[in-house]
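Working notes, beginning with the structure itself.
Where a number appears in this text, it was derived from the coordinates with a stated rule and is not lab data. No experiment lies behind these values; they were computed from the predicted model shown. Every residue, glycine among them, receives a Cβ derived from its backbone with ideal geometry; neighbour counts consider all protein chains shown.
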Amino acid sequence: MRFSIYRYQPESGDAPSMQPFELAVRPGMMLREALLALRDTDPTLAFRHSCGEGVCGSDAMNVNGRNVLACTTPVDGLKEPVQIRPLPGMPVVRDLIVDMEPFFRQYRAIQPYLQVNDPLPESEQRQSPTERQRLDGLYECILCGCCSTACPSFWWNPDKFLGPAALLQAWRFLADSRDQGREARLDFLEGPFRLFRCHSIMNCVEVCPKGLNPTRTIGLIRQMMLREMG
Amino acid sequence: MTVVHRRFDVLVIGAGGGGLRAALQLASQEARVAVVSKVFPTRSHTVAAQGGVNAALANVTPDNWQWHLYDTVKGSDWLGDQDAIEYMCRTAAERVIELEHYGVPFSRLDDGRIYQRPFGGQSQHFGGAQAARTCAAADRTGHAILHTLYQQNIRCRTTFFDEYFALDLIQDEEGHVLGAVTLEIATGDVVVIEARATLLATGGAGQLYRTNTNARINTGDGLAMALRAGLPLQDMEFFQFHPTGIAGKGMLISEAVRGEGGYLVNGDGERFMSRYAPKAHDLASRDVVSRAIYTEVQEGRGCGTERDHVQLHISHLGEAAIAERLPGIREMCQTFLGIDPAASPIPVYPTAHYMMGGIPTSRDARVVVPAGSGEEAVPGLWAAGECACVSVHGANRLGGNSLLDIIVFGRAAADDIERWLQEAPYHRPLPEAAVARSLQRLEALEQDDDGERPAELRKAIQATMEQYCGVFRTEAKLQEGLAQVQALAQRSLKLRLSDRSRIFNIERIEALETQNLAALACATVASALARTESRGAHSRVDHPERDDAQWLRHTLYFHQPARLEYKPVKLRPLTAEPIPPVERIY
């Protein structure tokens, strides 16, 4: 199988370029395994990866124009040469490794933690199965960054627009029956940029490797705002 | 080489559940806490834990911590220290409730309490009916806990050193640990982080074996740091093989699958576990189930054209239950096997999973070393989680007790460090040669032009461990294995880097990890060779019986020069009645 992989090594002084590779792939091989096999031939090829099963979120990259996790992407059926680039719109550190800080900064900004003002009970806070079900499709996010870096609004305003991943998490806490920070959370999301730069392009939904739907949650936040803030 | 100096009250190395639980508490207490992690915190391997965390909440079946204590001691094949086990089981409920208060999205029962499922080795009334003790967030409990703990650390504004690799502990002449030397992966800069207290929470070393459930990062870096600092490692011969990894690939299929009612079937269509565990069947402890699967396959009763695995059936649970309770497992089967377990059985085979051994610690997570006829604490150093050996898992860990271990002893470490910070209000002066050893190791990697590549050596270590120190062990195999891993450890000191860049040089990190793995391979095989009995996960074909007269004791392995010492098992709980060793039948 033929690959064309983005290479950039800042110390070399060379401009970034696409480097061709070839590999005999096995049936059922995942892209991460293919990249590891390529690393055996060229140990300078740099990319992040760890769990190999789609739960740690390390190996997000852009493959044939689409953001994926390498470890859950079968090489079978990929159009050749397989074009592999770093996640779009992020500063490249080296090869397929980007600086994720702009992404994590937006995640931190939404105060992604449960806020409870009332005294806590000695035992667990009660939550019905129905209330708990509202967190399904939200808490599973692995912070891989596939969605936000596929979002044109995030490309244009990565410092002002929170992006789909952070907004999905904002809703994860707004939707939690235990959370008491709703008013402040909604206040924070007001304004033309943080939430409202979303134009429902739905690239985020298209690429999420966990099958989550940030666009839907952004809609739910808007509805809640209308309801609660008039 | 640039050397940067930073100074904190507490240094936590590792950002899995243990490290983050400790950091959260200390940062809430206004201590200045640095967390060093070689990956972004939510990439830590706690994220991959599936089934749940044990605590006798009694939400589903009657339960109490005494039964949990009994099950854990029995699960440990009596090698676990009963005082530490009592402490863990007794505090379990509070720790899990705390997690719920932090925001962990546990699955719920109709009355709104935390959902609990049955897991292997759990019983009511000291060996009676099956208990349901494992608190779960579907089958993504580790993910839910890790993300929540990270989120709470954001609230406390813990200082994170993301993508920094810890090289060595810094110790002064009196043996005080004063922090660590680290490498910033993105820049190649060496960063010295001084601290009054240092907590190792670096996880296990599943990468010792070729087929494993572990993430690539699980290379036991903290354990090797301890060895290089002259500290021993305890009970390294006990390595858990999880019964149900995806056959041929290794990804974990949670014990929750059997807890929810799944069962194993051999090539003859027989539910063979009943022959090995007449009472607990598929929910016997992991060492028992793994050996049963091996035996079935070895005796020609495997499944598939190669008869090299067995099958895990869950289709009878029904679509709705699988979607609600086991969605992650289903997703994994669809991705890696192209099957839906609601329709087809899952091909499974045992795979390297968890290290019961580790850095010896006391109940309050202080690292301890032999002194006179007892032990003494290493001043300034704590360890918690899979890298530590307290020992609550003994010779075999029960499913659901590892997430419990990290939150209980992460918290215990934080409690003790708080006291320590009061007693030791100032940083001690750094010895002049503090960074020399680490710099030397880095420089050596740049100089050798005739050595091996790290990736090749790592594969050799994994293949050797699998061949000579797997589930079934013999003196002859271990002898040969020891010679081989010792040679590999020598070779690991002479590695060649093709990549000489400073910026995000992954090959350099892999070289350092491989050196760590090589040292741990030596510790594991040497400890296994000496223990001439079978206990828990350590199965000696040439010594098939447990031998309490000679071997009811913990192994301590020291590196360079390699030697073994032993220490007694603590057979008395803190307050409960002791649980005397008897034959272990499930």
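Here are some notes:
- Whole-number percent relative contact order across region B:326-477, with pairs defined as alpha carbons under 8 Å at least 6 apart: 16
- Residue mean of other protein chain beta carbons inside 10 Å, B:139-152: 3
- Sites excluded, GluC sites (Glu not before Pro) in DSSP loops with at most 14 other C-beta within 10 Å, longest stretch of chain A: A:1-121
- Placing unit charges on the Cβ atoms of the charged side chains and taking the dipole of the protein assembly as shown about its Cα centre, the candidate lying farthest along the positive direction among B:284, B:153, B:35 is B:153.
- Leading residue at positive end of dipole, the protein assembly as shown (Cβ point charges), from A:69, A:36, B:498: A:69
- Antiparallel content of DSSP bridges confined to the protein assembly as shown, in %, to 5: 70
- Inter-chain neighbour count for B:36-44: the average number of beta-carbon atoms from partner chains within 10 Å of each residue's beta-carbon is 5.
- Mean separation of Cα contacts under 8 Å (6+ apart) over length of chain B, as relative contact order %: 21
- Cα lying deepest toward the dipole's positive end in region A:101-229, options A:102, A:156, A:115, charges on Cβ: A:156
- Within region B:497-521, backbone nitrogen closer than 17 Å to the virtual label 7 Å beyond the Cα of residue A:11 toward Cβ: B:497-512
- Distance between modelled label sites at residue A:66 and residue B:542, nm, 7 Å Cα→Cβ extension: 5.5
- Chain lengthening between residue B:279 and residue B:472 when straightened (0.36 nm per residue, less Cα-Cα): 67.1 nm
- Simple point charges give the picture: +1 on the Cβ of Lys and Arg, -1 on the Cβ of Asp and Glu, and for the protein assembly as shown a dipole about the Cα centre of about 1160 debye.
- Taking each DSSP H run with n ≥ 4 as -39500 (n - 2.57) and averaging over every residue of chain A yields -8500 deg cm²/dmol at 222 nm.
- Rounded, prolate or oblate (a/c below 1.5 giving rounded, otherwise prolate when a/b exceeds b/c) for region B:325-479 by Cα gyration tensor: oblate
- With respect to chain B, whose longest principal axis is taken over its alpha-carbon atoms, helix B:65-75 is tilted by about 90°.
- In region B:246-351, inverting the average of 1/r over every pair of distinct C-alpha atoms gives 13.7 Å as the Kirkwood radius.
- What the Cβ-Cβ distance of residue A:156 and residue A:41 gives, at R0 = 30 Å and to the nearest 0.05, is a FRET efficiency of 0.20.
- Per-residue mean of foreign Cβ neighbours for B:330-337 is 4 (Cβ atoms of other chains, 10 Å radius).
- Against the main long axis of the alpha-carbon atoms of chain B, helix B:327-337 sits at an angle near 80°.
- Rounded, prolate or oblate (a/c below 1.5 giving rounded, otherwise prolate when a/b exceeds b/c) for region B:527-580 by Cα gyration tensor: oblate
- Per-selection Kirkwood Rh - region B:436-551 (Cα, Å, 1 d.p.): 15.5
- Longest exposed-site-free window of chain B, the sites being GluC sites (Glu not before Pro) in a DSSP loop that have at most 16 other C-beta atoms within 10 Å: B:31-172
- Cα gyration tensor shape of region A:58-146, rounded if a/c is under 1.5, else prolate or oblate by comparing a/b with b/c: oblate
- Taking N as its residue count, the alpha carbon Rg of the protein assembly as shown over 2.2 N^0.38 Å: 0.90
- For region B:112-150, chymotrypsin sites (Phe, Trp or Tyr not before Pro) meeting the loop criterion (DSSP other than H, G, I, E, B) and having at most 13 other Cβ atoms within 10 Å: B:126.
- At full extension, residue B:321 and residue B:295 could sit 6.2 nm farther apart than now, given 0.36 nm per residue minus the alpha carbon distance.
- Neighbour-count ranking [beta-carbon atoms within 10 angstrom, fewest first] of B:329, B:322: B:322, B:329
- Helix axis angle, B:82-102 relative to chain B longest principal axis, alpha carbon, degrees: 90
- Using only side-chain charges placed at the Cβ, +1 for Lys and Arg and -1 for Asp and Glu, the dipole size of region B:425-505 relative to its Cα centre rounds to 260 debye.
- Three semi-axes describe the equivalent ellipsoid of chain B; taken as square roots of 5 times the Cα gyration tensor eigenvalues and ordered largest first, they are 35, 27, 24 Å.
- Among beta bridges that DSSP assigns inside chain B, antiparallel share in %, nearest 5: 65
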